[in-house]
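What follows is calculated from the coordinates using simple rules that are stated; it is not laboratory data. Since this is a predicted model, take the numbers as computed values, not measurements. Note that we place each Cβ from the backbone using ideal geometry, even for glycine, and neighbour counts take in every protein chain shown.
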Amino acid sequence: MKRELLDRLLADRAAQRTVVVATHLASGDQRLIHPGDADPLAAEAALAIQSDKPRTVETADGDVFLNVFNPPLRMIIVGAVHIAQALAPMAAMTGYDVTIVDPRQAWATPERFPDIRILDAWPDEALAELKPDHRTAIVTLTHDPKLDDPALQAALSSDAFYIGSLGSRGTHAKRIQRLETAGFDESHHSRIHGPVGLNIGAKSPAEIAVSIMGQVTATLRGAAA
């Protein structure tokens, strides 16, 4: 790889920008492809980015190898509740860097969330620090508007690929009303998966965590959710 291209690749990775290195296998020529670039292989690069896997593409000029460099996956869970105790390790095993956000220090403890990062800050302050990007999933679980609403407002102002919020359809309808009062229209709040999780008839905290993780995965991979 030429030094100029390597420097650009390293800069992209340092800034946690998604990038694909396209290498022509016969000539060795290389270029970088970013999401949204007007590149002949933009669609194939997008598929590689979505799958998180490299791929070889046949072109009229020969095969091109697409190597994907995605930022790490992150999950921010607002609310150190029982569902979070099941969801956090499940997400970590799936490859997410997990952070629990809850100012209630009696709930957000290392004993309840071993080996998981905990921020005992208000959600809007925590999300301002964490800076969620297009590789971040945000899940609110508190059922408390004082905590969930600021988190959702911050999430909707970010590039998070998934936003989910616990609560019944009635609870979610009231949540939408509050968000609209705060200036968020349908184009914003339609991003929220509420009630959170796939409809699998989940009852227990662990089952609900499974439904959430399934929906997050489906959203990440572009499947119907």
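Brief remarks follow.
- As a length-normalised measure over Cα pairs under 8 Å and 6 or more apart, the relative contact order of the chain settles at 15 percent.
- For the stretch 91-153, the square roots a ≥ b ≥ c of the C-alpha gyration tensor eigenvalues yield an a/c of 1.5 or more together with a/b not exceeding b/c, which makes the shape oblate.
- Nearby aspartates and glutamates by direct alpha-carbon distance to Lys146 (threshold 17 angstrom, same-chain neighbours under 8 apart not counted): Asp102, Asp120, Asp124, Glu125, Glu180
- Longest segment of the chain lacking trypsin sites (Lys or Arg not before Pro) that sit in a DSSP loop with at most 12 other Cβ atoms within 10 Å: 3-202
- A helix-only calculation puts the chain at -12000 deg cm²/dmol for mean residue ellipticity at 222 nm, using -39500 (n - 2.57) for each DSSP H run of at least four residues, averaged over all residues.
- Extents of the stretch 3-69, taken as max minus min of Cα coordinates on every principal axis and listed largest first, are 33, 27, 21 Å.
- log₁₀ of I(q)/I(0) at q = 0.18 Å⁻¹ - the stretch 97-225, Debye sum with one point per alpha carbon: -1.06
- Filtered GluC sites (Glu not before Pro), the stretch 56-153: DSSP coil and at most 16 other beta carbons within 10 Å: Glu111
- Of all aspartates and glutamates in the structure, those lying under 15 Å Cα to Cα from Lys53, and not within fewer than 8 positions of it along the same chain, are Glu44.
- Distribution of pairwise C-alpha distances over the chain, 5 Å bins, in %: 1, 7, 14, 16, 17, 13, 11, 8, 6, 4, 2, 1, 0
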